[in-house]
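Engineer: I have a structure here, written as C-alpha coordinates, and I will follow up with some questions on it.
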Amino acid sequence: MRTVIFDLDGTLADTSGDLLAAANHCFRDMGLGDVLVPGQDAGIALRGGRMMLTRGLERAGAYDAATVDRYYPVLLEAYRAAIDHHSFLYPGAMEAVEDLRGLGYGVGICTNKPEALADLLLQRLGVRDVFAALIGADTLPVRKPDPEPLRAAARAAGGDPAACVLVGDSDTDRNTARAAGVPSILVTFGPSGADMAALEPEALLDRFEDLPQVVTRLIG
(Lines give C-alpha, C1' and ligand atoms only; values in the text may rest on other atoms or scores of the structure.)
Protein backbone atom coordinates (compact mmCIF):
# COMPACT_ATOMS: atom_id res chain seq x y z
CA MET A 1 0.00 0.00 0.00
CA ARG A 2 1.09 3.55 -0.73
CA THR A 3 0.76 5.90 2.23
CA VAL A 4 0.39 9.61 2.91
CA ILE A 5 1.94 10.64 6.22
CA PHE A 6 1.09 14.00 7.76
CA ASP A 7 2.84 16.27 10.18
CA LEU A 8 0.32 17.61 12.73
CA ASP A 9 1.08 21.10 14.04
CA GLY A 10 0.97 23.69 11.28
CA THR A 11 0.03 21.09 8.67
CA LEU A 12 -3.28 19.48 9.62
CA ALA A 13 -4.13 21.90 12.41
CA ASP A 14 -3.27 25.37 13.64
CA THR A 15 -2.28 24.66 17.24
CA SER A 16 -0.28 27.82 17.82
CA GLY A 17 -2.85 29.56 20.03
CA ASP A 18 -2.88 26.83 22.69
CA LEU A 19 0.89 26.37 22.52
CA LEU A 20 1.53 30.08 23.02
CA ALA A 21 -0.96 30.16 25.90
CA ALA A 22 0.95 27.36 27.64
CA ALA A 23 4.25 29.17 27.17
CA ASN A 24 2.83 32.43 28.49
CA HIS A 25 1.53 30.53 31.53
CA CYS A 26 5.18 29.74 32.28
CA PHE A 27 6.37 33.29 31.66
CA ARG A 28 3.70 34.68 33.98
CA ASP A 29 4.85 32.23 36.64
CA MET A 30 8.36 33.63 36.18
CA GLY A 31 7.03 37.16 36.70
CA LEU A 32 7.63 38.15 33.07
CA GLY A 33 4.03 38.50 31.92
CA ASP A 34 2.81 37.37 28.49
CA VAL A 35 6.01 37.44 26.47
CA LEU A 36 4.83 35.70 23.28
CA VAL A 37 2.13 37.19 21.08
CA PRO A 38 -0.69 35.10 19.53
CA GLY A 39 -0.56 35.27 15.75
CA GLN A 40 2.71 37.14 15.56
CA ASP A 41 4.67 34.30 17.21
CA ALA A 42 2.82 31.38 15.66
CA GLY A 43 5.96 30.29 13.83
CA ILE A 44 7.86 30.04 17.11
CA ALA A 45 5.04 28.03 18.66
CA LEU A 46 5.19 25.40 15.95
CA ARG A 47 8.89 24.81 16.64
CA GLY A 48 8.00 23.24 19.99
CA GLY A 49 7.91 23.92 23.69
CA ARG A 50 11.62 24.34 24.30
CA MET A 51 11.90 26.79 21.42
CA MET A 52 9.03 28.87 22.80
CA LEU A 53 10.67 29.02 26.22
CA THR A 54 14.05 29.83 24.69
CA ARG A 55 12.82 32.60 22.41
CA GLY A 56 10.58 34.08 25.08
CA LEU A 57 13.35 34.21 27.66
CA GLU A 58 15.73 35.71 25.10
CA ARG A 59 13.16 38.37 24.30
CA ALA A 60 12.80 39.16 28.00
CA GLY A 61 16.59 39.29 28.45
CA ALA A 62 16.40 36.40 30.90
CA TYR A 63 17.60 33.35 28.97
CA ASP A 64 19.02 30.53 31.04
CA ALA A 65 19.20 26.89 29.89
CA ALA A 66 18.34 25.62 33.36
CA THR A 67 15.16 27.71 33.36
CA VAL A 68 14.12 26.14 30.04
CA ASP A 69 14.70 22.67 31.48
CA ARG A 70 12.80 23.48 34.67
CA TYR A 71 9.78 24.96 32.95
CA TYR A 72 9.45 22.52 30.05
CA PRO A 73 7.39 20.01 32.14
CA VAL A 74 5.30 22.92 33.44
CA LEU A 75 4.59 23.99 29.88
CA LEU A 76 3.58 20.48 28.86
CA GLU A 77 1.17 20.18 31.76
CA ALA A 78 -0.38 23.59 31.04
CA TYR A 79 -0.75 22.61 27.40
CA ARG A 80 -2.30 19.24 28.24
CA ALA A 81 -4.88 20.96 30.44
CA ALA A 82 -6.02 23.31 27.66
CA ILE A 83 -4.98 21.57 24.46
CA ASP A 84 -8.03 22.37 22.35
CA HIS A 85 -9.20 25.81 23.44
CA HIS A 86 -7.88 27.62 20.36
CA SER A 87 -6.68 24.85 18.02
CA PHE A 88 -8.53 24.02 14.82
CA LEU A 89 -8.17 21.86 11.74
CA TYR A 90 -7.27 23.71 8.57
CA PRO A 91 -10.13 24.06 6.07
CA GLY A 92 -10.45 21.03 3.83
CA ALA A 93 -7.89 18.97 5.75
CA MET A 94 -10.10 16.07 6.75
CA GLU A 95 -12.02 16.07 3.49
CA ALA A 96 -8.69 15.58 1.71
CA VAL A 97 -7.69 12.80 4.13
CA GLU A 98 -10.98 11.01 3.52
CA ASP A 99 -10.56 11.40 -0.24
CA LEU A 100 -7.10 9.81 0.02
CA ARG A 101 -8.49 6.91 2.01
CA GLY A 102 -11.20 6.46 -0.60
CA LEU A 103 -8.52 6.23 -3.28
CA GLY A 104 -6.82 3.42 -1.38
CA TYR A 105 -3.98 5.26 0.33
CA GLY A 106 -3.08 4.54 3.94
CA VAL A 107 -2.90 7.66 6.11
CA GLY A 108 -0.91 8.31 9.26
CA ILE A 109 0.73 11.01 11.34
CA CYS A 110 4.39 11.62 12.12
CA THR A 111 4.87 14.53 14.50
CA ASN A 112 7.49 15.92 16.86
CA LYS A 113 4.75 16.53 19.44
CA PRO A 114 4.91 13.97 22.28
CA GLU A 115 2.75 11.00 21.30
CA ALA A 116 0.35 11.24 24.23
CA LEU A 117 -0.33 14.92 23.55
CA ALA A 118 -0.79 14.30 19.83
CA ASP A 119 -3.20 11.47 20.59
CA LEU A 120 -5.15 13.65 23.03
CA LEU A 121 -5.39 16.54 20.57
CA LEU A 122 -6.58 14.31 17.74
CA GLN A 123 -9.21 12.80 20.04
CA ARG A 124 -10.42 16.25 21.12
CA LEU A 125 -10.63 17.31 17.48
CA GLY A 126 -12.63 14.14 16.77
CA VAL A 127 -10.32 12.68 14.12
CA ARG A 128 -8.03 10.20 15.88
CA ASP A 129 -9.77 7.14 14.43
CA VAL A 130 -9.24 8.35 10.87
CA PHE A 131 -5.48 7.81 11.05
CA ALA A 132 -4.07 4.29 11.01
CA ALA A 133 -0.74 5.37 12.50
CA LEU A 134 0.56 7.93 14.99
CA ILE A 135 4.27 8.34 15.63
CA GLY A 136 5.25 11.10 18.06
CA ALA A 137 8.49 12.65 19.23
CA ASP A 138 8.93 10.05 21.97
CA THR A 139 7.48 6.96 20.26
CA LEU A 140 10.94 5.89 19.08
CA PRO A 141 14.44 6.65 20.38
CA VAL A 142 14.82 9.12 17.47
CA ARG A 143 12.60 11.87 16.09
CA LYS A 144 12.30 13.84 12.85
CA PRO A 145 14.42 14.71 10.87
CA ASP A 146 15.70 11.17 11.41
CA PRO A 147 13.86 9.16 8.74
CA GLU A 148 12.89 6.23 10.98
CA PRO A 149 9.75 7.85 12.50
CA LEU A 150 8.44 8.46 8.98
CA ARG A 151 9.20 4.90 7.95
CA ALA A 152 7.56 3.59 11.13
CA ALA A 153 4.44 5.63 10.44
CA ALA A 154 4.24 4.27 6.89
CA ARG A 155 4.62 0.69 8.13
CA ALA A 156 2.04 1.19 10.89
CA ALA A 157 -0.38 2.56 8.30
CA GLY A 158 0.03 -0.67 6.34
CA GLY A 159 2.37 0.64 3.69
CA ASP A 160 5.83 0.30 2.19
CA PRO A 161 8.11 3.04 3.60
CA ALA A 162 9.63 3.46 0.15
CA ALA A 163 6.20 4.30 -1.31
CA CYS A 164 5.06 7.13 0.96
CA VAL A 165 4.93 10.90 0.86
CA LEU A 166 5.27 13.28 3.80
CA VAL A 167 3.00 16.32 4.04
CA GLY A 168 4.50 18.96 6.30
CA ASP A 169 5.23 22.61 6.96
CA SER A 170 8.90 22.97 7.85
CA ASP A 171 12.51 22.30 7.02
CA THR A 172 12.31 19.42 9.50
CA ASP A 173 9.68 17.73 7.35
CA ARG A 174 11.61 18.45 4.16
CA ASN A 175 14.79 16.99 5.64
CA THR A 176 12.96 13.95 7.02
CA ALA A 177 11.54 13.06 3.62
CA ARG A 178 14.87 13.65 1.92
CA ALA A 179 16.63 11.37 4.43
CA ALA A 180 14.01 8.68 3.79
CA GLY A 181 14.36 9.04 0.02
CA VAL A 182 10.68 9.92 -0.52
CA PRO A 183 8.85 13.04 -1.74
CA SER A 184 7.65 15.85 0.49
CA ILE A 185 4.71 18.19 0.07
CA LEU A 186 4.95 21.41 2.06
CA VAL A 187 1.87 23.50 2.83
CA THR A 188 1.95 27.23 2.16
CA PHE A 189 -0.90 28.25 4.47
CA GLY A 190 0.90 27.71 7.79
CA PRO A 191 2.77 30.41 9.73
CA SER A 192 5.96 29.79 7.74
CA GLY A 193 4.24 29.26 4.40
CA ALA A 194 6.13 31.99 2.58
CA ASP A 195 9.42 30.20 3.32
CA MET A 196 8.44 26.79 1.96
CA ALA A 197 9.37 27.33 -1.69
CA ALA A 198 13.01 27.93 -0.77
CA LEU A 199 13.16 24.40 0.70
CA GLU A 200 12.52 22.98 -2.78
CA PRO A 201 10.05 20.21 -1.87
CA GLU A 202 8.66 17.99 -4.60
CA ALA A 203 5.40 19.94 -4.31
CA LEU A 204 3.87 22.95 -2.58
CA LEU A 205 0.25 22.82 -1.41
CA ASP A 206 -1.85 25.98 -1.34
CA ARG A 207 -5.15 24.29 -0.47
CA PHE A 208 -6.06 20.85 0.79
CA GLU A 209 -8.55 20.11 -1.97
CA ASP A 210 -5.62 19.72 -4.38
CA LEU A 211 -3.82 17.15 -2.23
CA PRO A 212 -5.16 13.89 -3.75
CA GLN A 213 -4.12 15.01 -7.24
CA VAL A 214 -0.65 16.02 -6.02
CA VAL A 215 -0.16 12.74 -4.16
CA THR A 216 -1.17 10.71 -7.19
CA ARG A 217 1.30 12.61 -9.34
CA LEU A 218 4.15 12.01 -6.90
CA ILE A 219 3.71 8.39 -5.83
CA GLY A 220 1.09 6.92 -8.15
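The values are calculated or read from the model by the stated rules, or taken from the named source; none is laboratory data. Everything quoted here is computed from the prediction, not taken from an experiment. Cβ placement follows ideal geometry from the backbone for every residue including glycine, while neighbour counts extend to all protein chains displayed. When the accessible area is computed, the model is the full protein with side chains, heavy atoms only, and any ligands, DNA or RNA have been set aside. Shrake-Rupley method; radii C 1.70, N 1.55, O 1.52, S 1.80 Å.
Engineer: For segment 25-41, give me the residue count where each residue is crowded, with 21+ Cβ neighbours inside 10 Å and in contact (Cβ under 8 Å) with a residue 24 or more places away in the chain. Break it down into steps so the answer makes sense when it comes.
Structural biologist: First, pick out the residues of segment 25-41 that are crowded, with 21+ Cβ neighbours inside 10 Å: 26-27, 35-36, 41.
Filter once more, so that each one left must be in contact (Cβ under 8 Å) with a residue 24 or more places away in the chain: 26-27, 35, 41.
Residues meeting the conditions: 4.
Engineer: So which residues in segment 95-109 are in contact (Cβ under 8 Å) with a residue 60 or more places away in the chain, outside any strand (DSSP E or B) and not charged (D, E, K, R)? Step through it out loud before you land on a result.
Structural biologist: Initially, segment 95-109 is screened for residues in contact (Cβ under 8 Å) with a residue 60 or more places away in the chain, giving 95-97, 99-100, 103-109.
Narrowing the set further to residues that are outside any strand (DSSP E or B) leaves 95-97, 99-100, 103-105.
Within segment 95-109, 96, 97, 100, 103, 104, 105 qualify.
Engineer: Here's something else I'd like to know. Of all residues in segment 150-189, count the ones that are of a type in the set (A, V, I, L, M, F, W, C), surrounded by fewer than 22 Cβ atoms within 10 Å (Cβ to Cβ), farther than 19 Å from residue 132 by Cβ and modelled with pLDDT of 95 or more.
Structural biologist: The first filter runs over segment 150-189 and keeps only residues of a type in the set (A, V, I, L, M, F, W, C), leaving 150, 152-154, 156-157, 162-167, 177, 179-180, 182, 185-187, 189.
If we keep only those that are surrounded by fewer than 22 Cβ atoms within 10 Å (Cβ to Cβ) as well, we get 152, 156, 162-163, 179, 189.
Now drop any that are not farther than 19 Å from residue 132 by Cβ, which leaves 179, 189.
From what's left, modelled with pLDDT of 95 or more: 179.
Counting residues in segment 150-189 that are of a type in the set (A, V, I, L, M, F, W, C), surrounded by fewer than 22 Cβ atoms within 10 Å (Cβ to Cβ), farther than 19 Å from residue 132 by Cβ and modelled with pLDDT of 95 or more gives 1.
Engineer: With respect to residue 124, is the statement that it is touching a helix residue (DSSP H, G or I) at 6+ places or on another chain (Cβ under 9 Å) and either aromatic (Phe, Trp, Tyr) or within 19 Å of residue 10 (Cα to Cα) (or both) true?
Structural biologist: Values: touching a helix residue (DSSP H, G or I) at 6+ places or on another chain (Cβ under 9 Å): no; either aromatic (Phe, Trp, Tyr) or within 19 Å of residue 10 (Cα to Cα) (or both): yes.
No; evaluated as a whole, the condition is false for this residue.
Engineer: Please state which of the following conditions residue 11 fails to meet, knowing it meets all the rest: (1) more than 20 Å from the chain's Cα centre (by Cα); (2) open to solvent by less than 60 Å² (accessible area, probe 1.4 Å).
Structural biologist: It is condition (1) that residue 11 fails.
Engineer: So residue 40 passes all but one of these: (1) within 24 Å of residue 153 (Cβ to Cβ); (2) not in a helix (DSSP H, G or I). Which condition number does it fail?
Structural biologist: Of everything listed in (1) within 24 Å of residue 153 (Cβ to Cβ); (2) not in a helix (DSSP H, G or I), residue 40 misses just condition (1).
Engineer: Has segment 135-152 got at least one residue that is polar (S, T, N, Q) and in contact with a Ser or Thr (Cβ under 7 Å, 6 or more places away or on another chain)?
Structural biologist: Looking through segment 135-152, none of the residues is polar (S, T, N, Q) and in contact with a Ser or Thr (Cβ under 7 Å, 6 or more places away or on another chain).
Engineer: Which of (1) touching a residue at least 24 places away in the same chain (Cβ under 8 Å); (2) at positive phi is the odd one out, the single condition residue 191 does not satisfy?
Structural biologist: With respect to (1) touching a residue at least 24 places away in the same chain (Cβ under 8 Å); (2) at positive phi, residue 191 is out only on (2).
Engineer: Still on this structure, please answer the following. Within segment 1-37, can you find the residues that are in contact with a helix residue (DSSP H, G or I) (Cβ under 7 Å, 6 or more places away or on another chain), under 27 Å from residue 146 (Cβ atoms), not in a helix (DSSP H, G or I) and not polar (S, T, N, Q)?
Structural biologist: 2, 4, 5, 7, 8, 12
Engineer: Further, regarding this structure: Just checking, which of 159, 168 is closer than 16 Å to residue 105 by Cα and touching a residue at least 40 places away in the same chain (Cβ under 8 Å)?
Structural biologist: 159
Engineer: Pull up segment 72-94, narrow it to residues that are assigned to a helix (DSSP H, G or I) and in contact with a Lys or Arg (Cβ under 9 Å, 6 or more places away or on another chain), then point me to the one that is surrounded by the fewest Cβ atoms within 10 Å (Cβ to Cβ).
Structural biologist: The first filter runs over segment 72-94 and keeps only residues assigned to a helix (DSSP H, G or I), leaving 72-81, 93-94.
Retained after the next criterion (residues that are in contact with a Lys or Arg (Cβ under 9 Å, 6 or more places away or on another chain)): 72, 75.
Details: 72: 16, 75: 23.
Going through the qualifying residues, I end up with 72.
Engineer: Considering each residue of segment 43-59, count those that are open to solvent by 10 Å² or more (accessible area, probe 1.4 Å) and assigned to a helix (DSSP H, G or I), and give that number. First the steps, then the outcome.
Structural biologist: We begin by selecting, within segment 43-59, every residue open to solvent by 10 Å² or more (accessible area, probe 1.4 Å); these are 43-44, 46-51, 54-55, 58-59.
Right, trim to assigned to a helix (DSSP H, G or I) and you get 43-44, 49-51, 54-55, 58-59.
Number of matching residues: 9.
Engineer: Separate question: Name the pairs whose Cβ atoms lie under 7 Å apart, with the first residue in segment 120-147 and among the small types (Gly, Ala, Ser), the second open to solvent by 20 Å² or more (accessible area, probe 1.4 Å) and in a helix (DSSP H, G or I), and 6 or more positions between them or separate chains?
Structural biologist: 132/156; 133/156; 136/115
Engineer: Any residue at all in segment 98-105 that is under 17 Å from residue 48 (Cβ atoms) and hydrophobic (A, V, I, L, M, F, W, C)?
Structural biologist: no
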